[in-house]
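The next block holds one structure in the form of structure tokens; read it before the comments.
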Ligand SMILES: Nc1ncnc2c1ncn2[C@@H]1O[C@H](COP(=O)(O)OP(=O)(O)OP(=O)(O)O)[C@@H](O)[C@H]1O
Ligand SMILES: [Mg+2]
């Protein structure tokens, strides 16, 4: 449930990669503790970059990012005490699972975070086994993550973050490449974790699931600006804007059977 306690505050944030690629421009936004928010935008609009900024993997070059009242920058994250506390609170599931998985088997992958935190062995075992049961990963525990299918890897990546029990979950395309039953399981989990008080920030290209995984949507344009923010239904009903940012294809939408269920009532 969303409270009104400010968690993230971004003021005039801009970022470009060292190669010169612009990724975000003049981003102003706030996210409250306990909210569930989705980031929407076409390929390359800056969603993954924003999640990396929110996770402290990248630093804002322009503007400022505050997390729970503290500035997130190279200096604050170089402080071991702050960085440890921040990384314990904020879990990030990458869009590309191969960038996240590196242990020799699934059990060790999920145990990696708790072991790094120095938790006692019995506690690690309990945390890992709980997460394995929650996501139904029992049959994978001894397999090397790199030999799993794309969807199986995604679930293991989610599990490896959940075993740290973070307050804030940053999920980059968590349902990408998942079959319907697995997708449903993950959507239920996102909702359950949010009801338990966790802040959940997700990206997706699947407009069908937006209302299930978020209360509020933030929309990014292809030129990397935040162009709309509001309740999911309000955003999904704004068809002209969705066409403009390349989230809805006008041709596709003309055929009712292929059109997005939610968007059809935009004509009403
Ligand atoms: N490591 C990188 N080095 C250089 N440029 C990058 C890098 N990662 C992303 N970019 C560029 O930054 C911009 C924003 O990319 P980003 O990955 O944030 O987009 P996205 O909204 O997540 O897209 P998608 O929907 O395809 O995942 C794009 O122009 C992209 O080409
Ligand atoms: Mg991305």
- Query: Across the range 99-111, which residue is modelled with the highest pLDDT among those that are part of a helix (DSSP H, G or I) and out of contact with any helix residue (DSSP H, G or I) (no Cβ under 7 Å at 6 or more places or on another chain)?
  - Reply: 108
- Message: Among the residues that make up the range 85-92, is at least one of them in contact (Cβ under 8 Å) with a residue 60 or more places away in the chain, farther than 20 Å from residue 144 by Cα and within 16 Å of ligand 1 (Cβ to nearest atom)?
- Response: yes
- Message: Please go through the range 11-54 and give me each residue that is away from ligand 2 (no atom under 15 Å from the Cβ), under 22 Å from residue 215 (Cβ atoms) and not in a strand (DSSP E or B), ordered by number.
- Response: 33, 34, 35
- Enumeration of residues in the range 67-89 that are assigned to a strand (DSSP E or B) and in contact with a helix residue (DSSP H, G or I) (Cβ under 8 Å, 6 or more places away or on another chain): 67, 70
- Yes/no for residue 53 being within 16 Å of ligand 1 (Cβ to nearest atom), more than 21 Å from residue 5 (Cβ to Cβ) and modelled with pLDDT of 95 or more: no
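Yes/no matrix, rows are residues, columns are (1) more than 15 Å from ligand 1 (Cβ to nearest atom); (2) within 18 Å of the chain's Cα centre (by Cα); (3) touching a residue at least 60 places away in the same chain (Cβ under 8 Å):
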{"residue": "12", "(1), (2), (3)": "yes, no, no"}
{"residue": "35", "(1), (2), (3)": "yes, yes, yes"}
{"residue": "40", "(1), (2), (3)": "no, yes, yes"}
{"residue": "59", "(1), (2), (3)": "no, yes, no"}
{"residue": "82", "(1), (2), (3)": "yes, no, no"}
- Message: Condition first: without any contact (Cβ under 8 Å) to a residue 12 or more places away in the chain and either within 18 Å of the chain's Cα centre (by Cα) or closer than 18 Å to residue 9 by Cα (or both). Now tell me which residues in the range 61-80 satisfy that.
- Response: 71, 75, 76
- Task: Go through the range 15-33 and give me each residue that's within 16 Å of ligand 1 (Cβ to nearest atom) and in contact (Cβ under 8 Å) with a residue 60 or more places away in the chain.
- Result: 22, 23, 24, 25, 26, 27, 29
- Note on the structure: Sole miss for residue 74 among (1) surrounded by 18 or more Cβ atoms within 10 Å (Cβ to Cβ); (2) away from ligand 1 (no atom under 15 Å from the Cβ); (3) farther than 20 Å from residue 165 by Cα is condition (1)
- Query: Do you know which residues across the range 155-173 are without any contact (Cβ under 8 Å) to a residue 60 or more places away in the chain and either within 16 Å of ligand 2 (Cβ to nearest atom) or over 20 Å from residue 124 (Cβ atoms) (or both)?
  - Reply: none
- Message: If I go through the range 174-202 residue by residue, how many of them are buried (at least 22 other Cβ atoms within 10 Å of the Cβ), within 16 Å of ligand 2 (Cβ to nearest atom) and touching a residue at least 40 places away in the same chain (Cβ under 8 Å)?
- Response: 3
- Query: For residue 143, which of the numbered conditions (1) without any contact (Cβ under 8 Å) to a residue 60 or more places away in the chain; (2) under 15 Å from residue 95 (Cβ atoms); (3) outside any helix (DSSP H, G or I); (4) away from ligand 1 (no atom under 16 Å from the Cβ) fails to hold?
  - Reply: (2)
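The values are calculated or read from the model by the stated rules, or taken from the named source; none is laboratory data. Owing to the predicted nature of the structure, the values given are computational and were not obtained by experimental measurement. Positions of Cβ are generated from backbone atoms using ideal geometry, with glycine treated the same way; all protein chains shown enter the neighbour counts.
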